[in-house]
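Novice: My questions all concern the structure below.
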Amino acid sequence: MRRRSLAAAAAATTLLAGGCGDGETDDGLTEITVGAIPIIDVAPLHLGIDQGFFEEHGLDVTVQNTSGGAQAVPGVVSGDFDLAFGNITSLVVALDQGLPMRSVANGVATTGQQGEDFGAVVVPEDSDVTDVSELGDATIAVNNLENIGDTSVRNSVREAGGDPSGVEFLELDFPDMPAALDQGEIDAAWVVEPFLGAALDGGATELASNFADVHDELTIAVYFTSEQTLQEDPETVEAFADAMAASLAYADDHPDEVRRIIGDYTEIDADLIDTMRLPAFPPEPHTDSVQVLADLMEEDGLVEDTPDLGELFAEQP
């Protein structure tokens, strides 16, 4: 389970690294390392660097690629990253295990628009399934087991009147999902852009916008740090938060710039970048939506008890 993998990683680094910042540049900027998976969700971070927002706030940011929240949380615990980008599910699991992670800036959110979100549940072109409620005994691909994908997909089946207890989830990388659908290896897939567009172009049918089904303003991921870093270097954390807020606002107002910067830090084909659906980049997390997701996680057994989310979104000192 995801919570066991996080606990094992944390046990390997039993002490939190103190302080924030890796040093100072010749220009007097504080150097920080931010762990972030190279996907469209982190476009505002890269835009903020590109537009000089972090430099304006006294920061020199190095982005170190991660594979996701399961790597980002231990990276922050060990001090490999000063801050990191991680999905809410991984952070709620971390809280459930007693790892003191703290959200410092919003990351990415659903568009809240059915049929126009950047993630969806799809079935192959020749499928007899016409409604997500019919997937109660299906084999459905997700990129990680016991994470935000299967939790939100179960919810979509349940909300549509189906019984998700018989769903079999298969862990599959997003790039492999369109081909798996075409070849009949799976009944359905939860897939995100740019692979969602590729699946739809290949004839797949979209059944549900699973993020929006959880909450129409669902916060999917945030930038976070450790409680110790927050306490020991609040000025640097605040500077990051302020620069990130400016970056998110710029990204939300300039979708063409989002598409441009995605081509700089990913290997996504330019044609897909031009046509794919973009997520929303609100400046603040929607804490009520996170509570809805956390309750679903408890219902699915991903956490033993819903943790106090006030800890995750605690105000800076």
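The values are calculated or read from the model by the stated rules, or taken from the named source; none is laboratory data. As the structure is a prediction and not an experimental result, all values here were calculated from the model. All Cβ positions, glycine included, derive from the backbone under ideal geometry; neighbour counts span all protein chains shown. Accessible surface areas use protein heavy atoms only, side chains included; no ligands, DNA or RNA. Shrake-Rupley method; radii C 1.70, N 1.55, O 1.52, S 1.80 Å.
Novice: Evaluate the following for VAL153: is it in contact with a Pro (Cβ under 8 Å, 6 or more places away or on another chain), in a strand (DSSP E or B) and open to solvent by less than 10 Å² (accessible area, probe 1.4 Å)?
Specialist: no
Novice: Being charged (D, E, K, R), open to solvent by less than 10 Å² (accessible area, probe 1.4 Å) and either touching a Gly at 6+ places or on another chain (Cβ under 8 Å) or in a loop (DSSP other than H, G, I, E, B) (or both) is true for just one of ASP117, ASP137. Which residue is that?
Specialist: ASP117
Novice: Here is a list: ASP274, ASP269, ASP288, ASP264. Which entry is in contact with a His (Cβ under 8 Å, 6 or more places away or on another chain) and farther than 23 Å from ILE88 by Cα?
Specialist: ASP264 is the lone residue from the list that is in contact with a His (Cβ under 8 Å, 6 or more places away or on another chain) and farther than 23 Å from ILE88 by Cα.
Novice: Would you point out the residue of segment 120-134, among those that are of a type in the set (Val, Ile, Thr) and in a loop (DSSP other than H, G, I, E, B), that is surrounded by the most Cβ atoms within 10 Å (Cβ to Cβ)?
Specialist: Top of the filtered list is VAL129.
Novice: Let me ask you something else. Return only the number of the condition from (1) more than 20 Å from PRO279 (Cα to Cα); (2) at pLDDT 90 or above; (3) more than 17 Å from the chain's Cα centre (by Cα) that GLY75 does not satisfy.
Specialist: Just one mismatch for GLY75, condition (3).
Novice: ALA251 - would you say it is over 20 Å from ARG102 (Cβ atoms), assigned to a helix (DSSP H, G or I) and within 18 Å of the chain's Cα centre (by Cα)?
Specialist: Yes: the conditions hold for ALA251.
Novice: Let me ask something else about it. Please verify whether segment 163-174 includes one or more residues that are under 16 Å from the mean Cα position of the chain (by Cα), within 30 Å of GLY79 (Cα to Cα), buried (at least 19 other Cβ atoms within 10 Å of the Cβ) and not basic (Lys, Arg).
Specialist: Checked segment 163-174: at least one residue is under 16 Å from the mean Cα position of the chain (by Cα), within 30 Å of GLY79 (Cα to Cα), buried (at least 19 other Cβ atoms within 10 Å of the Cβ) and not basic (Lys, Arg).
Novice: Please find, within segment 44-63, the residue that is most open to solvent (accessible area, probe 1.4 Å) out of those that are part of a helix (DSSP H, G or I) and under 11 Å from MET244 (Cα atoms).
Specialist: ILE49
Novice: Another question, if that's okay. Looking at GLY161, GLY107, GLY98, GLY149, which one is more than 24 Å from ALA198 (Cα to Cα) and modelled with pLDDT under 95?
Specialist: Unique residue meeting the criteria: GLY98.
Novice: Of the residues in segment 216-251, how many are in contact (Cβ under 8 Å) with a residue 60 or more places away in the chain and either on the phi > 0 side of the Ramachandran plot or of a type in the set (Asp, Glu) (or both)?
Specialist: Residues flagged as in contact (Cβ under 8 Å) with a residue 60 or more places away in the chain and either on the phi > 0 side of the Ramachandran plot or of a type in the set (Asp, Glu) (or both) within segment 216-251 amount to 7.
Novice: Quickly run through segment 209-251 and pick out the residues that are under 27 Å from SER78 (Cα atoms) and among the charged types (D, E, K, R).
Specialist: Of everything in segment 209-251, those that are under 27 Å from SER78 (Cα atoms) and among the charged types (D, E, K, R) turn out to be GLU227, GLU232, ASP233, GLU235, GLU238, ASP242.
Novice: Tally the residues that are part of a helix (DSSP H, G or I), among the hydrophobic types (A, V, I, L, M, F, W, C) and within 18 Å of the chain's Cα centre (by Cα), restricting the search to segment 262-317.
Specialist: Adding up the residues that qualify gives 9.
Novice: Does segment 65-87 contain at least one residue that is within 28 Å of ASP256 (Cβ to Cβ) and open to solvent by 40 Å² or more (accessible area, probe 1.4 Å)?
Specialist: Yes, segment 65-87 contains a residue that is within 28 Å of ASP256 (Cβ to Cβ) and open to solvent by 40 Å² or more (accessible area, probe 1.4 Å).
Novice: Looking at (1) farther than 27 Å from ASP300 by Cβ; (2) under 17 Å from the mean Cα position of the chain (by Cα); (3) open to solvent by 10 Å² or more (accessible area, probe 1.4 Å), find the lone condition where MET244 falls short.
Specialist: (3)
Novice: Looking at ASP256, ASP295, ASP288, ASP274 in this structure, which one is farther than 26 Å from PHE195 by Cβ, acidic (Asp, Glu) and free of Cβ contacts under 8 Å to residues at least 24 places away in the same chain?
Specialist: ASP295
Novice: Among the small types (Gly, Ala, Ser) and modelled with pLDDT of 95 or more: does that describe GLY115?
Specialist: Criteria met by GLY115.
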